[in-house]
Every structure is written in structure tokens, then in C-alpha cells.
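See below for the structure under consideration.
The values are calculated or read from the model by the stated rules, or taken from the named source; none is laboratory data. Every value quoted in this text rests on a predicted model; they were computed, and no experiment measured them. Positions of Cβ are generated from backbone atoms using ideal geometry, with glycine treated the same way; all protein chains shown enter the neighbour counts.
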Amino acid sequence: MKKIINIFFITLILFLSKISMVYSATGDAAVYKITMRKLEFCTGSTGVSNCDDAVVVGNSDTVIDIASVNAGETAASYGDPMVLPLGETYTHMRVTIDRKFTVKNVTAISGGSNTCNTKTLASDAFTSGSSESARKYTHKPVVAAGGTAAEQNIYLVNDTYIRCNNATCGATTGSQSQTYAQGTGSSLFASTHASDTGNDHVLIYKLTAPYVVTMMPPIIDIAFGTQDSIQANDVGSLCMFDASEPIVTISIK
């Protein structure tokens, strides 16, 4: 009879950001796409730049819609844990994701006075004459209230960003703060983004119990929950969105 031993049970991905402003309401996600970029196991860690004796288990861009029914299966197949050396003990995981998320709410969210639905961003949402790619980490766009929900790109902006106050970002409010708190959510450490133009966001997770590599292939089980994972707030008669932390649990047996 095969004996299955529960090696560890951890809460894995994201989020990461503690938004400085208070959001009026949150809603469930019908779509919540992330891009996994890299997954490493560590024998210890003291910060995002430190993954002792790092072994890369996965290293390719893979888009996962964690609101979909097969998200756990897709995430569990990311990388190859069989590359881990036998007998080694791992205590941390380092996860690299893209700073872009694509989300869509299930039902309208009250941003305060407005009824808010995510929208596909217009070409001039980050200001006429500039592009989404040029301003995605320095500006937060706003969209019209009401309408029908559609997929919207949301980014992990820099620590200080500019808030758009109209649909074409011609009116703005600068020096808004976004904090990437350390050790207060699922992750132990997370990237901060001071004037950062890079696309990566890195998180360190401490395993609830050390994982000792054996000859038995690991069984990976992943469950996602995206309740209340989209945040909405009024900006005048418009709506601004952020993504908040989905519930993600991973067990390896």
C-alpha cells in the first residue's frame, strides 16, 4: 500500500500590495489572469534578492486564469519539481510573476456613489499621445461607471504613482502612494517598486514545514478562491480599480 505523506501546506500567490487608500467596495472575479514567470525552491531566505541554494523548478511565462475551473490543474503542472536534489531540505519558495493582471468582475461593484464594472482600457486611457506600455507603472487610469463588465488590465504600479482623474488622463493627481508591505499577507517578502521600469514582481514564501526531497514524486494540489479580489473606488463620476489578494492554497504530498 502506498503511503502518502503531507510534506507541506502553504498559501502561495499574491497579493502583495497594501493600497494606501480605502476602497469603497470589493467584488468577485469572473476573470483573474496572472503570468507566472519563475518558481524556485530555497534552503533559506532573508529577502526577495536572497534564495539560498536556489533550484529553478519552472522558468517560462505561463498565463493562468485563476478564476477558471481548471486553474489548479494548470498551476500544478508549472515547472518540474523532479529537478530538486534528493535529500535536500527546502524551507522557502521564491515566485516571480509579471506586474500585469487582467481581471473582470462578476457583478457591478459600488465604488461609492458610482456603479463600477471593469472595462477594456481605451488607447488614450493613460493620456492622449502616450501609451499603456509607457505609463503602466507610473499612472492609474480610470474608466466610465456603469456599462458591461469586460477584461481590464491592472498593474502593480510604482511606490509613488499618478492618479488619472479623467478618462484620457489629462487631469491628474500626483504623488499617490502604494505600499508593498512585508510579512503581513501570504508572502514573507515582496518586491517594492521605487521608480521601477522592470516587469517582474518577486515574492518569498516560507513553507509551514520544511520539505525534504525524497524519491516519491510529489502530488501537487492547488485551490483558488477569487472572492472579493477586485477593488473599486470613485474618482469623481469615474471608477478606478485594483486587484487584491485571491485565496490560493497549495499542498504538496
Report summary line: Of the residues in the stretch 98-129 that are touching a residue at least 12 places away in the same chain (Cβ under 8 Å) and more than 23 Å from the chain's Cα centre (by Cα), the one that is surrounded by the most Cβ atoms within 10 Å (Cβ to Cβ) is ASN114
Query raised in the report: Which of the residues belonging to the stretch 70-129 are among the hydrophobic types (A, V, I, L, M, F, W, C) and either assigned to a strand (DSSP E or B) or under 21 Å from ASN158 (Cα atoms) (or both)?
Result: MET93, VAL95, ILE97, PHE101, VAL103, ILE109, CYS116, LEU121, ALA125, PHE126
Requested in this report: With the checklist (1) out of contact with any Gly (no Cβ under 8 Å at 6 or more places or on another chain); (2) at pLDDT 90 or above in hand, flag the one item ASN59 doesn't pass.
Outcome: (1)
Query raised in the report: With respect to THR43, is the statement that it is hydroxyl-bearing (Ser, Thr, Tyr), farther than 27 Å from THR192 by Cβ and modelled with pLDDT of 90 or more true?
Result: no
Query raised in the report: Hey, any hits in the stretch 138-153 for a residue that's under 20 Å from the mean Cα position of the chain (by Cα), surrounded by fewer than 20 Cβ atoms within 10 Å (Cβ to Cβ), closer than 30 Å to SER195 by Cβ and touching a residue at least 40 places away in the same chain (Cβ under 8 Å)?
Result: yes
**Report entry** Of all residues in the stretch 195-253 being under 30 Å from GLU88 (Cα atoms), of a type in the set (Ser, Thr, Tyr) and exposed (fewer than 15 other Cβ atoms within 10 Å of the Cβ), the one that is modelled with the highest pLDDT
**Finding:** THR214
Query raised in the report: Within the stretch 82-89, is there a residue that is more than 15 Å from the chain's Cα centre (by Cα), modelled with pLDDT of 90 or more and polar (S, T, N, Q)?
Result: yes
